[in-house]
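Scroll down for the structure; my scribbles are underneath it.
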């Protein structure tokens, strides 16, 4: 599997439509599954996903980037309301939104936090908890995602 090459092609196709590739994921189970997650300011719509899916599918097939005779499922999607946060810029972009963050090492004797994002500075994610801000080292973040607020 040439996942980095697939990511490069997906980024090229997405960029041509004003979109950003957030994630490329390959899973093998009962089916072979390739998921490409897109984003843009203001959000991604169905037409964006459809266009990238069509263009990417053609390139993947022509360049034979998905090896093997067995078919695969290509899913092009938006990150959703409870999107994963993986880049420092995302913690800044979604400042003010609620998030859940799991750490690989404890901060203040805890490895799980849920609070309101307060930005990113000096390699640390700022998270507001009960009126105070806790700085979480970015490199210790195991998993982070937005919380859907109704």
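The values are calculated or read from the model by the stated rules, or taken from the named source; none is laboratory data. Note that the structure is predicted; figures quoted are calculated from it, not measured. No Cβ is skipped: glycine too gets one built from the backbone with ideal geometry, and neighbour counts run over all protein chains shown.
Please verify whether region 78-93 includes one or more residues that are without any contact (Cβ under 8 Å) to a residue 40 or more places away in the chain and in contact with a helix residue (DSSP H, G or I) (Cβ under 8 Å, 6 or more places away or on another chain). Scanning region 78-93, I find no residue that is without any contact (Cβ under 8 Å) to a residue 40 or more places away in the chain and in contact with a helix residue (DSSP H, G or I) (Cβ under 8 Å, 6 or more places away or on another chain), so the answer is no.
With respect to (1) under 24 Å from residue 46 (Cβ atoms); (2) in contact (Cβ under 8 Å) with a residue 40 or more places away in the chain; (3) outside any strand (DSSP E or B), the lone exception for residue 150 is condition (2).
Here residue 27 meets each of (1) under 20 Å from residue 71 (Cβ atoms); (2) touching a residue at least 12 places away in the same chain (Cβ under 8 Å) with one exception, condition (2). Would region 37-49 turn up any residue that is in contact with a helix residue (DSSP H, G or I) (Cβ under 8 Å, 6 or more places away or on another chain) and within 28 Å of residue 138 (Cβ to Cβ)? Within region 37-49, one or more residues are in contact with a helix residue (DSSP H, G or I) (Cβ under 8 Å, 6 or more places away or on another chain) and within 28 Å of residue 138 (Cβ to Cβ). Using the structure shown, decide if residue 11 is more than 12 Å from residue 78 (Cβ to Cβ), in contact with a strand residue (DSSP E or B) (Cβ under 6 Å, 6 or more places away or on another chain) and at pLDDT 95 or above. For residue 11, the condition - more than 12 Å from residue 78 (Cβ to Cβ), in contact with a strand residue (DSSP E or B) (Cβ under 6 Å, 6 or more places away or on another chain) and at pLDDT 95 or above - is met.
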